[in-house]
Amino acid sequence: MSLATAGMDAARRASLALADERVEYDWNQLDPILNRAANAIAGLPLGPERRVAIFAHNAVETVIAYVACLEAGVSSVPVSFHLTPGEAAYIFRDSRASAVLVGPETMEAGLAAAAEAGIATVIGWRCPAREGVIAWEAWIGAASEAPPPVDTPPLPHLHYTSGTTGRPKATETPPQYFPRVATVGDLAAALRARVTPSPGIAVGPLYHTGPLGMVRNLFGGGSLVTVASFDPEAVLGRIERYRVAGSVMVPTHFQRLLSLPEATRARYDVSSMQRLAHTGAACPRDVKQAMIAWFGPVLVEAYGATEAGSTTFISSPEWLERPGSVGRALPPFETLIIGEDGAELGSNQEGQVYFRDTSGRGIIYHGDPEKTAAAHIAPGVFTLGEVGYLDEAGYLFITDRVSDMIVSGGVNIYPAESEQVLIRHPGVADVAVLAAPNKEMGEEVKALIVPADPANPPSAAELNSFCRASLAGYKCPRSYDFVDDIGRTAMGKVNKKQLRQRFWPADRTIGG
């Protein structure tokens, strides 16, 4: 049997293990597939780094590939399927991956990127016959069904963080999410102790750390349902059908669920949900309140980053007492607010948010000691680039990102303040506030508005009055542009640097 099924009784082994829109496996069916995949991956010419890049959309095969890497003691490199061949090639090359796994949607881009990176081994599932692509189905079918060795040292995933400030940075999954143990058998046991057998549903791309954590849960014996893309009603249907107990979502998912007609939402039973985590971007308060009213007090919010893991955490009851907070620090972290003079600030004083890792690790960018050092102000004390404050009880409130700050006439303006006001306007579906050039002031505040009704958008004057009712005039946008989309990623993030480029000369660089 595979490590994922160790200790399961007969009834459990006959229950759901893994599903997507096309296929379902129980544990009896999945077990030999995991063993074959792990043995096939272990048999690759991996080199000293033992890394394999996974460049594919969500599917059962993608999940199996990640779990097989865990079982084989191979470091998988999650690669966004949105990347161009050139962008993917950089990650393939920088990670020193020995092979690339692709799906039908990424086959051509994966081949091109692998060729550019000098990688000869490309393996694809459900791909049409193509020179240079090894058929996954035949490849794992030819591998041994015997359980792989349990004493192989486990290797964490190698993630690549946002590349909005130069090249993406590589970072291993932190110990909080990937226990540093001696063998893959120990890893499976450690994960098994953390998970429940009830199904989870992965609705975000598996190359993101939140959904990928649910894949590790499967390695520990937790069932998983994954979807290729987020369709709100289809997701509700799967929650009801599989009695899903857990998921990781972002505010954009919440907004799309809430946009369904009330009658449609009422048709689905979501009472099985026990833990609905959200992360990735700030969640509008009314959206979170509506989700808690619908699903119950099962929402939990984690704030952190790929390179750090979750640094703070807040439950639904806590959040209802302190709306807008992202919670208190999780061990081994402590939260610090640092002023411009480098001194630590007291309660309710806004400054840059830092975290002290009491283990001394901090954050580590793989192979880049300079970037690692630049993120710290002292050993183990690092920033994720946010501005915020702590209340008297130690709950953190994020007010903006340092890199998104607008400096107008020497005054610092944090765009999140006006974003939080404008998103409450009934005519605004989404908004991004950023710096635009101003000859007199250097920079001015501009808002990009996605109207709720494109045929009848609110006027700039109406939006300005709405904003000024809550904020000082200098914090309100000087101009409003109406757009179809602000380019949010599947995890709810917005690339402000990319949005700003349309307003600034090509030789003008803004932080972020």
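The values are calculated or read from the model by the stated rules, or taken from the named source; none is laboratory data. All values reported here derive from a predicted model rather than from experimental measurement. Virtual Cβ from ideal backbone geometry, glycine too; neighbours counted across all protein chains shown. Only protein heavy atoms, including side chains, enter the accessible area calculation; ligands, DNA and RNA are left aside. Shrake-Rupley method; radii C 1.70, N 1.55, O 1.52, S 1.80 Å.
Full-extension gain between Asp453 and Thr358, please, as 0.36 nm times their residue separation minus the C-alpha to C-alpha distance. Mind dumping the intermediate values first?
Numbers: separation 95, 0.36 × 95 = 34.20 nm, distance 4.95 nm.
Here the answer is 29.3 nm.
Give me the extension gain from Val181 to Leu471: residue separation times 0.36 nm, minus the current Cα-Cα distance, reported in nm with one decimal.
Details: separation 290, 0.36 × 290 = 104.40 nm, distance 5.12 nm.
Full extension of this stretch gives 99.3 nm more.
Using the 4.7 Å Cβ rule, please list in number order the cysteines from the chain without any candidate partner.
That list is Cys69, Cys127, Cys283.
Restricting to Cα pairs below 8 Å that are 6+ residues apart, what does the relative contact order work out to for the chain? Please round to a whole percent. Walk me through the intermediate numbers first.
Values: 1059 pairs, mean separation 47.7, N = 512.
Value for the chain: 9 percent.
Restricting to the chain, what percent of DSSP beta bridges are antiparallel, rounded to 5? Spell out each step's value before the answer.
Values: 47 of 81 bridges.
Approximately 60 percent, going by the DSSP bridge assignments.
Mark the label point 7 Å from the Cα of Asp9 along Cα→Cβ and return the residues of segment 221-239 whose backbone N is within less than 20 Å of it.
Residues passing the 20 Å test: 221-223.
What shape does segment 1-98 have by the C-alpha gyration tensor, where a ≥ b ≥ c are the square roots of the eigenvalues, rounded means a/c under 1.5, and otherwise prolate means a/b greater than b/c and oblate the rest?
Working: a/c = 3.54, a/b = 1.69, b/c = 2.09.
Oblate is the answer for segment 1-98, as a/c is 1.5 or above yet b/c matches or exceeds a/b.
Here is the link list: Lys169/Lys288; Lys169/Lys497; Lys288/Lys446; Lys371/Lys497; Lys371/Lys475. Which ones come out longer than 21 Å on Cα distance?
On the way: Lys169/Lys288 31 Å; Lys169/Lys497 17 Å; Lys288/Lys446 26 Å; Lys371/Lys497 19 Å; Lys371/Lys475 32 Å.
The pairs that break the limit, which is 21 Å between Cα atoms, are Lys169/Lys288; Lys288/Lys446; Lys371/Lys475.
Mind checking segment 191-231 for chymotrypsin sites (Phe, Trp or Tyr not before Pro) that DSSP puts in a loop (not H, G, I, E or B) and that have at most 16 other Cβ atoms within 10 Å?
When the chymotrypsin sites (Phe, Trp or Tyr not before Pro) of segment 191-231 are filtered for loop state and at most 16 Cβ neighbours within 10 Å, nothing remains.
Based on the Cβ-Cβ distance of Glu340 and Arg130, what FRET efficiency does E = 1/(1 + (r/R0)^6) give at R0 = 45 Å, to the nearest 0.05?
Details: r = 57 Å, r/R0 = 1.26.
After rounding to 0.05, the efficiency reads 0.20.
State the label only: which of (1) -0.59, -1.11, -1.23; (2) -0.53, -1.20, -1.39; (3) -0.75, -1.20, -1.29 corresponds to log10 I(q)/I(0) by the Debye sum over Cα atoms at q = 0.08, 0.12, 0.13 Å⁻¹ computed from the shown model?
After the calculation, the listed value that fits is (2).
Could you work out what % of the accessible surface of the chain is carbon and sulfur, using a 1.4 angstrom probe and leaving DNA, RNA and ligands out of the count? Spell out each step's value before the answer.
On the way: 11030 of 21320 Å².
Taking all protein chains in place, the chain shows 52 percent carbon and sulfur surface.
Once amide H atoms are placed 1.01 Å from N in the peptide plane, what residues at a sequence separation of 5 or more from Ala429, or on another chain, have their amide H within under 5 Å of its amide H?
For Ala429, the qualifying residues are Val450, Ala452.
Taking the solvent-accessible surface of protein heavy atoms with a 1.4 Å probe, what is the per residue accessible area of segment 69-208 in Å²?
Working: 5570 Å² over 140 residues.
For segment 69-208, the solvent-accessible area averages 40 Å² per residue.
Rounded, prolate or oblate for segment 331-371? Axes are the square roots of the Cα gyration tensor eigenvalues, ordered a ≥ b ≥ c, and the cut-off for rounded is a/c under 1.5.
On the way: a/c = 3.46, a/b = 1.70, b/c = 2.03.
The shape class here is oblate.
Would you work out if segment 76-216 is rounded, prolate or oblate? Take a ≥ b ≥ c from the square roots of the eigenvalues of the alpha-carbon gyration tensor; rounded if a/c is under 1.5, else prolate when a/b is larger than b/c, oblate otherwise. Mind showing how you got there, number by number?
Numbers: a/c = 1.74, a/b = 1.27, b/c = 1.37.
The shape class here is oblate.
Within segment 98-246, what percent of beta bridges assigned by DSSP are antiparallel, to the nearest 5?
On the way: 3 of 14 bridges.
Restricted to segment 98-246, the bridges split so that about 20 percent are antiparallel.
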